[in-house]
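Remarks on the structure that follows.
The values are calculated or read from the model by the stated rules, or taken from the named source; none is laboratory data. The structure presented is a predicted model; accordingly, all values stated were derived computationally and were not measured. Here the Cβ is made from the backbone with ideal geometry for all residues, glycine too, and neighbour counts use every protein chain on show.
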Amino acid sequence: MPQNLINSLIPHKEIQNTSGQGTAPVNIALSKYWGKRDIPLNLPTNSSLSISLPELGTKTTIQLLDAAQDKVILNNKEQDPTSIFATRLSKYLDFFRPANQSFLIETTNTVPTAAGLASSASGYAALVLALDDLYGWQLDKKQLSILARLGSGSASRSIYEGFAIWHKGEKAEGTDSYAEALDHPYPDLRIGLVKVDVSEKSHSSTQGMQHTVNTCHLYQNWPAQAEAQLQEIKQAIIQQDFSKLGATAEHNALSMHATMIASWPPILYWQAESITAMQKVWQLRETGTEVYFTMDAGPNLKLLYLQADSQKIKQAFPAIQELAPFQ
Ligand code: PMV
């Protein structure tokens, strides 16, 4: 149960400051997490590897509130307490809440919420950092990563800048499933966001994953493939082998989407423009520009390329948002 795990991690439940603050980056998985072996504990079927984007993320402030219920402000707009966003947040805060204590949570994203750009990852990582500040726990990164994981699986990786590996862990109680930094900067690496549609997504990641696990016959091959590709990407990062990094990340993302498409009823997050963008990437590769893509539970592409090709990529994708994770 999450409560037992949380009680074993936090030193106390007495609030020590009047407010707490946290900021965390979004992260893009290069080797994806898809499938849970335990839903309440957010324990994954496979490990994953990500890159954080420090230019995009979430800033959260939490304060005590003298009211009957929490007040949640997202991007300067007060949220309806019955909305999915506010309900999920308040349910998570229940694990930490002293009796009858309400909170004011103000959170600002520099990334569109629920657009497949992992705002829940930076959101829950920032919230855990804000709670650590409010309660004065001074938890280490491993403990923070486990707490963030309980809010949203991929949030376990947003505790770090640079590359991070979320170890799936083996234990039923979830104490060995946390992310760690892979400390190998890659200064020339660029991530380009190709935004196809930034409106709310049709299926949440949890629904999408579990539907795939339950109905897709191809899924049984996924965990072993994902573990092997994670190791290949890790080696490629250490060796600065961009071709291997990009090709393995693209293959991994398309394999994850293949399991969704082969579910029944099928899940397809792509739109027509997503496919147009994929074909443009493949054409660029055929003509000698090394660019690859990855995609999450949404229609948007994240391109991977090196700084030397930045101009060519911007010409091909004029609306691209380029990020330099190590600058
Ligand atoms: O942690 P969630 O529920 O947002 O799931 C993330 C799932 C993917 O973005 C598709 C893959 C990943 O590893 O980030």
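Overview of values
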quantity: Unmet requirement for ALA179, which otherwise passes all of (1) buried (at least 17 other Cβ atoms within 10 Å of the Cβ); (2) at pLDDT 95 or above; (3) away from the ligand (no atom under 14 Å from the Cβ); calculated: (3)
quantity: Hits in the range 146-163 (condition: within 11 Å of the ligand (Cβ to nearest atom) and touching a strand residue (DSSP E or B) at 6+ places or on another chain (Cβ under 7 Å)); calculated: GLY153, SER154, SER156, ARG157, SER158
quantity: Output for the range 36-52, where each listed residue is crowded, with 23+ Cβ neighbours inside 10 Å and either within 10 Å of the ligand (Cβ to nearest atom) or at pLDDT below 95 (or both); calculated: ASN42, PRO44, SER48, LEU49, SER50
quantity: Residue within the range 59-67 that is part of a strand (DSSP E or B), in contact (Cβ under 8 Å) with a residue 24 or more places away in the chain and surrounded by 23 or more Cβ atoms within 10 Å (Cβ to Cβ) present; calculated: yes
